[in-house]
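For reference, the structure discussed in these notes is given below.
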Amino acid sequence: MINLNNQSFTTLTLFDFGKKWFWPFKEMAYANSNFSNVKGLEFNKVLGTGSGDGFSLIPDFSTYAILSVWTTRDYADLFFKNHKKFNEYINNSNSFRHLELKAIKSHGFWDGKEPFKSQEINQIDKDNSVAVITRATLNLNRLISFWKSVPEASSAIKNAKGVTFYKGIGELPFIQQATISIWKNNDAINDFAYNQKEHTEIIKKTRKNNWYKEDLFSRFIVLSNSKNKFKN
């Protein structure tokens, strides 16, 4: 078991607001100021999501996410317990899903930063779930080419073996895109990444068409995956 008391780790909370979508929608205008100057918070993003299978031009106005990187678990626990605005998100939502993640592999940048500090782990338990976060800022002159390929990407992950959850997330519609996916184990994501034909074809297109101005790929061990509470 990994001791996180004095280690950086990541949390992602997905909120389902149902028909009460206007409250989180208006809060997006204050996303940065709402969570500034929080002790122990190294990196934070309030994100919208995509509809349907998650990878879509059409937003899902009922679902929002808060992604955070913490210096220690103690600071995170204090935030979830006491932060007024975060608890407004909890109280206004119909339900929420809370993930605690530890980065084991990360490369690339998010707004010029490397937010996820990876920890080398010699062996990952074969039954341990693994999460992947990808993020990219698209080149403006490549938007049409990229979005034409989105149905292909959605089909690839929808048909993947071992994926248990996936959702498109992002900051700026059409231009700044991200995804979160959860996999049964590390072998499942490795098989998808290196052996799934549809996915490998998309990777080739990405390089050939120069879609991204900035991109990031991070892999995590899932420490906790809970609904309507903060730990399993």
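Quick notes
Per-residue answers, yes or no, for (1) in contact with a Leu (Cβ under 9 Å, 6 or more places away or on another chain); (2) surrounded by fewer than 14 Cβ atoms within 10 Å (Cβ to Cβ); (3) closer than 20 Å to residue 7 by Cα; (4) modelled with pLDDT of 80 or more:
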position: 96; (1), (2), (3), (4): yes, no, no, yes
position: 99; (1), (2), (3), (4): yes, no, yes, yes
position: 102; (1), (2), (3), (4): yes, no, yes, yes
position: 107; (1), (2), (3), (4): yes, yes, yes, yes
position: 113; (1), (2), (3), (4): no, yes, yes, yes
position: 135; (1), (2), (3), (4): yes, no, no, yes
position: 151; (1), (2), (3), (4): no, yes, no, no
position: 163; (1), (2), (3), (4): no, no, no, yes
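- Qualifying residue in segment 198-206 (condition: without any contact (Cβ under 8 Å) to a residue 24 or more places away in the chain and hydroxyl-bearing (Ser, Thr, Tyr)): yes
- Output for segment 145-188, where each listed residue is in a helix (DSSP H, G or I) and small (Gly, Ala, Ser): 145, 153, 154, 155, 156, 188
- Every condition in (1) within 24 Å of residue 37 (Cα to Cα); (2) modelled with pLDDT of 90 or more; (3) assigned to a loop (DSSP other than H, G, I, E, B) holds for residue 117 except the one numbered (2).
- Output for segment 90-119, where each listed residue is over 24 Å from residue 132 (Cα atoms) and in contact with a strand residue (DSSP E or B) (Cβ under 6 Å, 6 or more places away or on another chain): 93, 94
- Selection from segment 58-77 of residues that are surrounded by fewer than 20 Cβ atoms within 10 Å (Cβ to Cβ), in contact with a Phe, Trp or Tyr (Cβ under 6 Å, 6 or more places away or on another chain) and of a type outside the set (Ser, Thr, Tyr): 61
- Of the residues examined, residue 106 is one that is of a type in the set (Gly, Ala, Ser) and under 20 Å from residue 184 (Cα atoms).
- Residue in segment 156-163 that is in contact (Cβ under 8 Å) with a residue 24 or more places away in the chain, small (Gly, Ala, Ser) and at positive phi present: yes
The values are calculated or read from the model by the stated rules, or taken from the named source; none is laboratory data. Just so you know, these numbers come straight off a predicted model, no measurement behind them. Positions of Cβ are generated from backbone atoms using ideal geometry, with glycine treated the same way; all protein chains shown enter the neighbour counts.
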